Amino acid sequence: MEEDNLGSVKQQVAKLFEVSLKAIVPDESNVEPLVAACTGKFGDYQCNNAMSLWSRIKGKKTEFRGPPSIGQALMKNLPQSEMIESCSVAGPGFVNVVLSTEWIAKSIQKMLTNGIGTWAPKLKVKIAVVDFSSPNIAKEMHVGHLRSTIIGDTLARMLEFSNVEVLRRNHVGDWGTQFGMLIEFLFEEFPNWEDAGGQAVGDLQAFYKASKQRFDADPVFKERAQQAVVRLQGGEEKYRAAWAQICDISRQEFHQVYKRLGVRLEEKGESFYNPYIPGVLEALSNQGLIEESEGARVIFIEGKNIPLIVVKSDGGYNYASTDLAALWYRLNEEKAEWIIYITDVGQSLHFEMFFSAAKRAGWLPADDNLYPKVSHVGFGLVLGDDGKRFRTRSSEVVRLVDLLDEAKNRSKAVLIERGKAAEWTSEELEQTAEAVGYGAVKYADLKNNRLTNYTFNYDQMLNDKGNTAVYLLYAHARICSIVRKSAKDIEELKKKGSISLDHPDERVLGLHLMQFAEVVEEACTNLLPNVLCEYLYNLSENFTRFYSNCQVVGSPEETSRLLLCEATAVVMRKCFHLLGITPVYKI
């Protein structure tokens, strides 16, 4: 269906203005059309090139007398297009474009026939790495990992929808000094640990705490633990086997969370990149980038008071050495053009310095707009109602599994209270409770600008009023019920019926549907999932206004309006899919 995808409406309007710009200023190079969607009453889109173009050409020989005359010329030189109904010039040369209502209606109908994939944005990148979630082995996944996992999954889904090959990478912390402590404790507590299997470790959290207490309190044990790290990293079989067993138990726990959240990830942890570190550091040394400083080996970064340490004074590697090796691998072995890291904002400085080091090495272009490129997607804290970091009453970090179970149970209780246990099968009840509960947790996170902290509140996120997943899922189910109750075969209507947008509220809804592709493109380009959430909420509001003012079933326009209902449901479902939320079809 590639030939059906002409890019977003905004891209199509921009292409028309590109032709016009070449016609009126053929000698000016690199003039990109500046096109934006309008909210005003003068048009649907606006081209804003006149003022910036005037400042470029006013000293040269030119027929133009100012921005308004450039605006007029831009309008007159626009190629003929079925997309455009009318144009006008306002103020200092803004060209307002009104789209053809008939063209909007036809385009929506085409999407219903050919599928929403024909509305996928066109991005400049073919292969991207999204590095997200990344918990530490032997530690519980907590609410902090929730944000990285949810945001990373949504960004990966949006890129995949845009036909980018996405390498979803779970860069788990599976290599480091804590393993010496865990392995030594395992040997001491369970001499026959190989036969005991996972039973020896039991509850990994309790095991980790007990070994840490021992490590802090017993200097002899501490020394043995440090030796165990050396033996593990030296590849001794017994130590590697114990390490593998601990990692495996942890992995099973992570899998439970990913399964609940419907998240796919491929693990390539610190241990995977470890063998590449010496070669990468040697190459950087040969370039003269690595220097000695206070016993450590470092890379100095322009404009920073502290250098990036790549080998500690004790000869050990750290995050920077692993991250450099991972970036080298992703660029050279995986051929990634865009590498996206999702962590809390507290790690911004580390990424800034590590990216600068990669630029100094010539791995990345100096211009951030060129490929290959790297992006750090930072996010704020999850807070409790007290405004402090979200914790349990005993001030433990909240386990992710418990948090998701609580959301599902609360959602189920509301459904039972509304009498659904009597109407539905127990499987339908479970599935809907999960879709609504998990969806509510995801949406409450994603609807905020990721850089801000947000307050975790079950009552707010499970509210069926306002900008919540519950409200949106119910809105979708209501649309499905309108189509069902009409008793019409929607597939037949798609083939034989046609859409017309004569009522103003029909047109507003139609235009909003058409802007789906450019919203996904903006959310991808700026790595901001909240842009898509805002679009979805506004879509639901526009639909409600249309449905309040335009009778659907039993009206002369029934066929057209049922197709508009179906198109809204299709776009809503794709939004849910991109946000990792399972739609519900009945309430």
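The values are calculated or read from the model by the stated rules, or taken from the named source; none is laboratory data. Model, not experiment: these values are computed from the prediction. Note that we place each Cβ from the backbone using ideal geometry, even for glycine, and neighbour counts take in every protein chain shown. Surface areas here come from the heavy atoms of the whole protein model, side chains and all, with no ligands, DNA or RNA. Shrake-Rupley method; radii C 1.70, N 1.55, O 1.52, S 1.80 Å.
Are any residues in the stretch 486-526 in a loop (DSSP other than H, G, I, E, B), hydrophobic (A, V, I, L, M, F, W, C) and touching a helix residue (DSSP H, G or I) at 6+ places or on another chain (Cβ under 6 Å), and if so, which ones? Walk me through it before giving the result.
Residues of the stretch 486-526 in a loop (DSSP other than H, G, I, E, B): 486-489, 497-503, 515, 526.
Next cut, hydrophobic (A, V, I, L, M, F, W, C) only: 487, 499, 501.
Across the stretch 486-526, the qualifying residues are I499, L501.
Counting only residues that are within 16 Å of E18 (Cα to Cα) and out of contact with any strand residue (DSSP E or B) (no Cβ under 7 Å at 6 or more places or on another chain), which one in the stretch 77-92 is surrounded by the fewest Cβ atoms within 10 Å (Cβ to Cβ)?
Across the stretch 77-92, the extreme among qualifying residues is Q80.
When the residues of the stretch 441-454 are narrowed to those that are over 12 Å from the mean Cα position of the chain (by Cα) and among the aliphatic types (A, V, I, L, M), which ends up surrounded by the fewest Cβ atoms within 10 Å (Cβ to Cβ)?
Across the stretch 441-454, the extreme among qualifying residues is L451.
Of all helices (runs of 4 or more DSSP H) completely enclosed by the stretch 1-76, which ones contain at least 2 residues that are closer than 30 Å to I108 by Cα and in contact with a Cys (Cβ under 7 Å, 6 or more places away or on another chain)?
Details: elements: 9-24, 50-57, 67-76.
Answer list for the stretch 1-76: 67-76.
Among all residue pairs at least 6 apart or on different chains, which show Cβ distances below 6 Å where the first residue, located in the stretch 455-483, is closer than 13 Å to K442 by Cα and open to solvent by less than 10 Å² (accessible area, probe 1.4 Å) and the second is charged (D, E, K, R) and assigned to a loop (DSSP other than H, G, I, E, B)?
V470/D464
Out of curiosity, is S134 part of a loop (DSSP other than H, G, I, E, B), within 35 Å of the chain's Cα centre (by Cα) and either surrounded by 15 or more Cβ atoms within 10 Å (Cβ to Cβ) or not polar (S, T, N, Q) (or both)?
Numbers: part of a loop (DSSP other than H, G, I, E, B): yes; within 35 Å of the chain's Cα centre (by Cα): yes; either surrounded by 15 or more Cβ atoms within 10 Å (Cβ to Cβ) or not polar (S, T, N, Q) (or both): yes.
In short, yes.
Could we say that K408 is open to solvent by 20 Å² or more (accessible area, probe 1.4 Å) and modelled with pLDDT of 95 or more here?
Judged against the criteria, K408 is a match.
So, restricting to strands (runs of 3 or more DSSP E) that lie completely within the stretch 268-346, which ones have at least 2 residues that are surrounded by 21 or more Cβ atoms within 10 Å (Cβ to Cβ) and of a type in the set (A, V, I, L, M, F, W, C)?
308-311, 338-344
Considering (1) in a loop (DSSP other than H, G, I, E, B); (2) touching a residue at least 24 places away in the same chain (Cβ under 8 Å); (3) over 32 Å from the mean Cα position of the chain (by Cα), say which one G554 fails and leave the rest.
(2)
The rows are residues; the columns are (1) open to solvent by less than 10 Å² (accessible area, probe 1.4 Å); (2) under 28 Å from M158 (Cα atoms); (3) in contact with a Leu (Cβ under 7 Å, 6 or more places away or on another chain).
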site: L532; (1), (2), (3): yes, yes, yes
site: L539; (1), (2), (3): yes, yes, no
site: F543; (1), (2), (3): no, yes, yes
site: S548; (1), (2), (3): no, no, no
site: E566; (1), (2), (3): no, yes, yes
site: A569; (1), (2), (3): yes, yes, no
site: M572; (1), (2), (3): yes, yes, yes
site: C575; (1), (2), (3): yes, yes, yes
site: L578; (1), (2), (3): yes, yes, yes
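Residues are listed down the side, and each one gets a yes or a no for (1) crowded, with 22+ Cβ neighbours inside 10 Å; (2) not in a helix (DSSP H, G or I):
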{"residue": "A138", "(1), (2)": "yes, yes"}
{"residue": "D153", "(1), (2)": "yes, no"}
{"residue": "M181", "(1), (2)": "yes, no"}
{"residue": "F185", "(1), (2)": "yes, no"}
{"residue": "E188", "(1), (2)": "no, no"}
{"residue": "P191", "(1), (2)": "no, yes"}
{"residue": "F207", "(1), (2)": "no, no"}
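Conditions first: (1) more than 15 Å from S20 (Cα to Cα); (2) crowded, with 16+ Cβ neighbours inside 10 Å; (3) not basic (K, R). G117 passes all but one, so which condition is the exception?
Every listed condition holds for G117 apart from (2).
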